[in-house]
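Q: Quick one: structure below, then a few questions.
Derivation of every value follows stated rules applied to the coordinates shown; laboratory data play no part. Every value quoted in this text rests on a predicted model; they were computed, and no experiment measured them. FYI the Cβ positions are ideal-geometry reconstructions off the backbone, even for glycines, and counts take in every protein chain you see.
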Amino acid sequence: MTRLFEIYGKIARPWLALVVYLWILELLATFSARDPEPLFDRIADCSAILATLSFWICAGVLLPSLIALFYNRRTIFTLSAFALKVATILVTAFYFVRWIFNWVASRYGVGSGSRIASNGRLVQSR
């Protein structure tokens, strides 16, 4: 049983770090000083989101941990590390693109009625 917890900890720890990274990026993207919602309501919402993400990561890591008990551990650890790198790159790229589009839209004074087309031009939507 101790072996299962050891394997589970080795796989889950980096994934939980990714969850916290994703959560912090979302906090930076959504918090605003001009937001009419009270601060403690936003913090409560964000903590609920963090708890939900942590629960699903912990539940999702259970299967690879059980497989690692009977299969080659090094292979499972390597696959988990590779999937973690891919997920980190995807999360970072998504938030970077989101930040760039918001920066371009705010720089050119584009309101909520506009969108940025795939070729980078600003298009007014109806």
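Q: Is the C-alpha gyration tensor of the stretch 1-102 telling us rounded, prolate or oblate? Criteria: a/c under 1.5 is rounded; beyond that, a/b larger than b/c is prolate, otherwise oblate.
A: Note, shape of the stretch 1-102 comes out oblate.
Q: Which value in nm describes the separation of the simple spin-label points at residue 23 and residue 63, placed 7 Å from the Cα toward the beta carbon?
A: Those two pseudo-labels are separated by 2.3 nm.
Q: Determine, from the Cβ-Cβ distance of residue 37 and residue 1 and an R0 of 41 Å, the FRET efficiency 1/(1 + (r/R0)^6), rounded to the nearest 0.05. Show your work: numbers first, answer last.
A: On the way: r = 45 Å, r/R0 = 1.10.
Efficiency computed from Cβ-Cβ geometry: 0.35.
Q: In Å, what Rg and Dmax follow from the Cα atoms of the stretch 39-91?
A: Taking only Cα atoms of the stretch 39-91, I get Rg and Dmax of 15.1, 48 Å.
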